[in-house]
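Shown next, in structure tokens, is the structure this report addresses.
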Amino acid sequence: MSTNLTGGLCQLCDGTVECAPTAVLLVALIHTLYGHIGPEPDYFGQPRDQGTEEEDNIERGRTSRVEKLLQHGGSARWRHQPGPAPEYDFIVVGGGTAGCVLASRLSENKNWKVLLLEAGPHQPKMTLIPALTAEFKSSAIDWQYHMRPKKGFCQNQEDGCDVVQGRVLGGTSSINEMAYMRGSPADYDAWALAGNEGWSYSHILPYFKYSEGNYDKDISKNHYYHSTQGPLDVGRYPHVDDNVDILLGAFNEIGYNYTDINGKNQLGFMRIQTISYFGERVSTYTAFIEPIQIIRNNLVIITEALVTKVIFKHTQNTMRAVGVEYMMNGTIYKALATKDVIVSAGAINTPKLLMQSGIGPKEYLDYLNIRIVRDLPVGANFHDHVSVCLPIIRLGKTATAETFVEKLRDITTYYGKGIGPLSANFQVLGLFKSKYSDVPGAPDIEIRFKGHDSHMYYDRMDMCVSLLTPNSRGQVVLNASDPVFGKPLIYPNFLKDHRDEEKLLEGIQIAISLFDTEVFKKAEFEFDPRLILNNECKNDKRATDDFWLCIVKHFSEPLHNYVGTCKMGPPSDPSAIVDDHLRVYGVERLRVVDASVIPKIPRGSTLAPVIMIAEKASDIIKTSWY
């Protein structure tokens, strides 16, 4: 965001704030109170000269920036660090959701020196405001990736589905919707049955509890499932508007029960638990790193540093990871690890880094002229909770739109007391079991609600139906024109398996049935389909399955819970990239610790499972090196 308040206020984060006089004043006040999001990291240092034929070729992809670095490694523009590379015990690549947890836990051993490398900046204060979550998509603290457009999904977005991945300390935990959901015990038991020893629910529940600091009295009293002692604050938002109670009442009227979805029973509905503390976001950076980074001299954190390569050493019949190369301010640096290199860059950037370092499908890497280190199916098994968000609830007397003066009051109230509309995000969520589910007591459909275009002030609500057990699988591959600095190509293949559409259709029918409840009618919640009929679906005269299938193809989108691209599995699994100790097959002292190792996505947001994976991984690593 520009530091010029008159010239840059309408570009808050991603430019979605309307540039009206009142909006400018509101953004000015928020900017004054909470600061702003700075410019995107400049890994290349000084801007390149303009207009030369050589530079134009780079932009067109005929000569990659990697080749430029190799050709001019000694030039003033692309400098290498002077002197020997510094050594650390552990190098953690990626200061995101998992990386912050891992770096914090490993640095508990004062004899170990830990380097944490993050491509983005420190977490801006503005991200702590729950209601502004939607504004961080496509901002300088997001990687700004897109999925490849396909006719079968996401047709309502011209450039394909947006991908939300945090490029900031704390990663996606610093910009997501903060939902704390563990999934079903059946998810983790399935991991163990697939050959991943030590990952059953009974084994991983203590790691969920180890990080959790639950301050919700109604929830935390269940000591079997919850803990109040961990560094990660978990609770519910202090602000509850009338629409929250209406939605909860409607779910109850159609026959479902209020439940703790992180407890014994997942089926039902609840006011969602969040990583927040009395109206303020809690990320893995603020929970695990911020309290200790000053007092731990053995933890080194470098931000705005883009890791471009894992360094390997071939010894006899083994291949070993010994360090990384990273770029910062136009200089290429090296760092060496005497113990492990741990890649925690997320389900998209982790496979990207491994492939550009030579670990990936041999045929594809040969095509890109990348030297093969290990032939593994990196980048495959990509999946997510595909979601269909429909802005079809028009509100009557419970609309939350306010006057400009009231909005100013809300901002100052939040700043002084941490309460009011700015202290909350979406709150109501239900988990349901379709007729296609084959696991007793385990949900496969999620329904959530949020204000349309705003979490704070809205007169219309989105009804979002998400598939928790997708069968379709996609792939992440390198950008052939520029494998290192080009954006990876993401092919999600949403809805390729017809069973996914069938489950979503049943979920939509459950959601639509809420309009028949007395609770909705009394609250004047009106079904208004006008905003979903700006396409050929309007040609259907009745709300048949074909009509809703058409709507699904237009309004389906990712729920941003990407997993699976470096799948954990036993040696007998040809699709596995890491073993149950998260070690990359065929490469010593290289581990992956993030959402990419998840073999099959849990039934809920992946935030809590990724934190759990990092907690368990830290114990595995500590045990192996003590």
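Just so you know, all these numbers are worked out from the coordinates, no wet-lab data involved. Not measured: the values here are computed from a predicted model. Cβ coordinates were reconstructed from backbone atoms using ideal geometry, including for glycine residues, and neighbour counts include every protein chain displayed.
Tabulated data for the structure shown
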quantity	calculated
K221 versus E518: modelled label distance in nm, points set 7 Å from Cα along the beta carbon direction	3.0
Value of [θ]222 nm, deg cm²/dmol, for the chain, DSSP H segments ≥ 4, -39500 (n - 2.57) each, nearest 500	-7500 deg cm²/dmol
Over 32 Å between alpha carbons, listed pairs K217/K553; K407/K487; K217/K433	K217/K553; K407/K487
Where a label projected 7 Å from the Cα of K417 along Cα→Cβ would reach, residues of the stretch 240-281 with amide N under 14 Å	240, 279
Residues whose placed amide H lies under 5 Å from that of Y277, excluding near-sequence neighbours	V282
The stretch 198-235: chymotrypsin sites (Phe, Trp or Tyr not before Pro) falling in loop per DSSP and having at most 15 other Cβ within 10 Å	Y215, Y224
Sites V240 and L531 - FRET efficiency at Förster radius 25 Å, r taken between beta-carbons, to 0.05	0.45
Sorted by Cβ neighbour density within 10 Å, fewest at the top, the residues L495, L267	L267, L495
GluC sites (Glu not before Pro) within the stretch 95-203, DSSP loop, no more than 15 other Cβ atoms inside 10 Å	E108, E158, E197
Kyte-Doolittle mean at least -1.0 and Cα axial length at least 18 Å: DSSP H helices in the chain	21-34, 404-417, 498-512, 607-625
Pairwise FRET efficiency - N265 versus D619, Cβ, R0 = 41 Å, nearest 0.05	0.90
Placed amide H near F153: partners under 5 Å, 5+ positions off or other chain	none
Pair Q81, H203: separation of 7 Å Cα→Cβ label points (nm)	3.6
Inter-probe distance in nm under a simple model that places probes 7 Å from Cα toward Cβ, at K541 and S572	5.8
Relative contact order for the chain, counting Cα pairs under 8 Å that sit 6 or more residues apart, in percent	20
